[in-house]
1. Run down 180, 189, 237 and say which single residue is surrounded by 15 or more Cβ atoms within 10 Å (Cβ to Cβ), in contact with a strand residue (DSSP E or B) (Cβ under 7 Å, 6 or more places away or on another chain) and either under 23 Å from residue 78 (Cβ atoms) or modelled with pLDDT under 95 (or both).
2. From the list 106, 98, 55, 81, pick out the single residue that is surrounded by 24 or more Cβ atoms within 10 Å (Cβ to Cβ) and farther than 23 Å from residue 129 by Cβ.
3. If you check residue 169 against the conditions, is it in a helix (DSSP H, G or I), out of contact with any strand residue (DSSP E or B) (no Cβ under 6 Å at 6 or more places or on another chain), under 19 Å from residue 48 (Cβ atoms) and touching a residue at least 24 places away in the same chain (Cβ under 8 Å)?
4. Among the candidates 158, 131, single out the residue that is closer than 19 Å to residue 51 by Cα, in contact (Cβ under 8 Å) with a residue 24 or more places away in the chain and crowded, with 21+ Cβ neighbours inside 10 Å.
5. Only one of 51, 42, 46 is in a helix (DSSP H, G or I), under 14 Å from residue 244 (Cα atoms) and in contact (Cβ under 8 Å) with a residue 60 or more places away in the chain; which?
6. Those residues that are under 26 Å from residue 158 (Cα atoms), outside any loop (DSSP other than H, G, I, E, B) and at pLDDT below 85, I need them from segment 19-37; list them, please.
7. Name the residue, out of 119, 103, that is modelled with pLDDT under 90 and closer than 19 Å to residue 215 by Cβ.
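The values are calculated or read from the model by the stated rules, or taken from the named source; none is laboratory data. Quick caveat: nothing in here was measured; it's all calculated off a predicted structure. For neighbour counting, all protein chains shown are included, and Cβ atoms are generated from backbone atoms with ideal geometry for every residue, glycine included.
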């Protein structure tokens, strides 16, 4: 019976992210004597939601196969946040307009990224990294290094909680579920999976490989633009370093969540578990009062361990 249960767990590697998050949370509340247990979980859900948003786009890109990764996500978040907040100018009446502008900024970056990849034949990791410097520079030039405040209604929406559950997380959950359905139930999603498994076979089967890749990089950038928009409301304004921590985080949550780095296999629910795990792990180590160096070492070691457990899916 035990062996059967372990076999089922091995078939669902994304469960390790939720198991890891639960263990870390329990260890933290035991250390604190149960104080602040709900607040810690609520904060993890608040901050984890942003990782989920960018993680969805990164997951689609990584699913395309080896070598596919979007390193322009932090710069895209910053650019979309700065441009939209400056145009909104703290006016509640411009919130919807600002959202559309943020999405358009993301789409423009996505088109530019794939243009470098396809037209100039630059590897995705180099193309998106090069793009990020140009996009970040544009954000600096446009925003002049100032923190631009969001409109009050956007700030309230981004920070409001209902019974301890962030309103933003409640709104993003249906988006995540929809993107999961797109991945596994639509022609586009199945094409992404097919390309990740074998691009040559997918092309011979009639899949428009170049168009699917183009659409996927645009999707990733659009979600990064959306994340930059809502993060500007949550953090009290758009700043030039607002997306910095989401470079490695967007990749880590995808891999820890059970997506294969070899492409062709992904699991969206695991993004939530991985995002919670990442935040709760840092919270636990801070609660233990460890030095910064020790925290970084333990964080890296634990993340590697979870990745090994979550990445054990056979071809």
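1. Values: 180 fails: in contact with a strand residue (DSSP E or B) (Cβ under 7 Å, 6 or more places away or on another chain); 189 fails: in contact with a strand residue (DSSP E or B) (Cβ under 7 Å, 6 or more places away or on another chain).
None of the others qualify; the one that does is 237.
2. On the way: 106 fails: farther than 23 Å from residue 129 by Cβ; 55 fails: farther than 23 Å from residue 129 by Cβ; 81 fails: farther than 23 Å from residue 129 by Cβ.
Unique residue meeting the criteria: 98.
3. Details: in a helix (DSSP H, G or I): yes; out of contact with any strand residue (DSSP E or B) (no Cβ under 6 Å at 6 or more places or on another chain): yes; under 19 Å from residue 48 (Cβ atoms): yes; touching a residue at least 24 places away in the same chain (Cβ under 8 Å): yes.
Taking the combined requirement at face value, the residue satisfies it.
4. Details: 131 fails: closer than 19 Å to residue 51 by Cα.
Sole residue among the options that is closer than 19 Å to residue 51 by Cα, in contact (Cβ under 8 Å) with a residue 24 or more places away in the chain and crowded, with 21+ Cβ neighbours inside 10 Å: 158.
5. On the way: 42 fails: under 14 Å from residue 244 (Cα atoms); 46 fails: under 14 Å from residue 244 (Cα atoms).
After applying the criteria, what remains is 51.
6. Across segment 19-37, the qualifying residue is only 37.
7. Details: 103 fails: modelled with pLDDT under 90.
Selected residue: 119, the only one of 119, 103 that is modelled with pLDDT under 90 and closer than 19 Å to residue 215 by Cβ.
Results for (1) within 21 Å of residue 110 (Cα to Cα); (2) at pLDDT 85 or above; (3) touching a helix residue (DSSP H, G or I) at 6+ places or on another chain (Cβ under 7 Å), shown as yes or no for each residue.
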position	(1), (2), (3)
250	yes, yes, yes
255	no, yes, yes
260	no, no, no
267	no, no, no
